[in-house]
Amino acid sequence: MGKYAFTVVVPAHNEEKYVVRCINSIKKAARVLGKPVEIIIVCNRCTDNTQQLAEKNGARVILNEERCIAAVRNAGIKAARGKYIMTIDCDNRMTKGTIKEAYCLLRSGKFIGGGAPIRFERYSFPLYMNDYICRVGFGLTGLYCGIFWAEKSTFEAVGGFADKRAMEDIQTAKNLKAFGKKLGKKYGCLQNNYLVNSTRKWDDMGDWLYIKLMLENAGTLAKAALGDCEEYDRLIDKMFYDYNG
């Protein structure tokens, strides 16, 4: 601890198509910060060239076999050597001022941590609808996700990412916000930078993907709400933990 101002933790499951561009976006942001930034790629059950590409491009690789995104991110946070932590998914990118803006907000002493606005890498009518839903939801709750940033000690204090296989980001934001309130600090959002959100699932399965999923799996979602998660877990596996599009 001490050598790095920031550690950026990146979970990755067979991300050879995307890992280099994600790393490059982090490197650009690190240059703007002007301080040492550690990049950790947490290779989760990877059977492709993700690890080799990550190491070739200067990232530190951690191996993880759990089928839980919270556990994958927490493995990276535990291994991190930076005072401050940022997380981003491997198929996404950050804008070049992202790390510096988060660093300045954390150094101000006013913020416990926070998230970032999300912008899709391309748009269509259904994706504008998804974008609008995200903006309204984040605006009403203040629970911005996508990119998370906080001190490593803060993540440790709240137990890391919430131990859930889905919607862990919302619960983690709630936990950080509640912890910050106790300390008189705010849960914030970047104002001048944003997450560039991959559209690969929409490219692969159509731009109405998530709306169709909600309609086609209404029964599964209802069962999950009542505590029967067997079908829901299979859906989560298909859409996230086993997806290699």
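The values are calculated or read from the model by the stated rules, or taken from the named source; none is laboratory data. Since the model is a prediction, treat every value here as computed from it, not as a measurement. Cβ sites come from the backbone with ideal geometry, for glycine too, and all protein chains shown count toward neighbours.
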Would you confirm whether any residue within the stretch 167-175 is surrounded by fewer than 20 Cβ atoms within 10 Å (Cβ to Cβ), within 20 Å of the chain's Cα centre (by Cα) and of a type in the set (Lys, Arg)? yes
Got a number for residues in the stretch 191-245 being part of a helix (DSSP H, G or I) and surrounded by 12 or more Cβ atoms within 10 Å (Cβ to Cβ)? 24
Tally of residues being basic (Lys, Arg), touching a residue at least 60 places away in the same chain (Cβ under 8 Å) and under 21 Å from Ile211 (Cα atoms) across the stretch 108-146: 2
Here are some conditions: (1) surrounded by 19 or more Cβ atoms within 10 Å (Cβ to Cβ); (2) within 20 Å of Cys104 (Cβ to Cβ); (3) under 16 Å from the mean Cα position of the chain (by Cα). Gly180 meets all but one. Which one does it not meet? (3)
What number of residues in the stretch 174-190 are aliphatic (A, V, I, L, M), farther than 24 Å from Leu127 by Cα and either free of Cβ contacts under 8 Å to residues at least 60 places away in the same chain or in a loop (DSSP other than H, G, I, E, B) (or both)? 2
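How many residues are under 27 Å from Glu151 (Cβ atoms) and not aliphatic (A, V, I, L, M) when one looks only at the stretch 16-54?
Number of matching residues: 12.
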If we scan the stretch 42-52, do we find a residue that is touching a residue at least 40 places away in the same chain (Cβ under 8 Å) and of a type in the set (A, V, I, L, M)? no
Restricting the search to the stretch 143-156, which residues are touching a Gly at 6+ places or on another chain (Cβ under 9 Å) and not in a strand (DSSP E or B)? Leu143, Tyr144, Cys145, Gly146, Ile147, Lys152, Thr154, Phe155
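Are there any helices (runs of 4 or more DSSP H) wholly within the stretch 27-118 with 3 or more residues that are surrounded by 21 or more Cβ atoms within 10 Å (Cβ to Cβ) and either out of contact with any helix residue (DSSP H, G or I) (no Cβ under 7 Å at 6 or more places or on another chain) or modelled with pLDDT of 95 or more (or both), and if so which?
Working: elements: 50-56, 69-79, 98-107.
It comes to 69-79, 98-107.
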Within the stretch 157-173, considering residues that are in contact (Cβ under 8 Å) with a residue 12 or more places away in the chain and in a helix (DSSP H, G or I), the one farthest from Asn193 (Cα to Cα): Ala157
Would you confirm, using the coordinates I've provided, whether Tyr123 is surrounded by fewer than 17 Cβ atoms within 10 Å (Cβ to Cβ), modelled with pLDDT of 95 or more, out of contact with any Phe, Trp or Tyr (no Cβ under 6 Å at 6 or more places or on another chain) and in a helix (DSSP H, G or I)? no
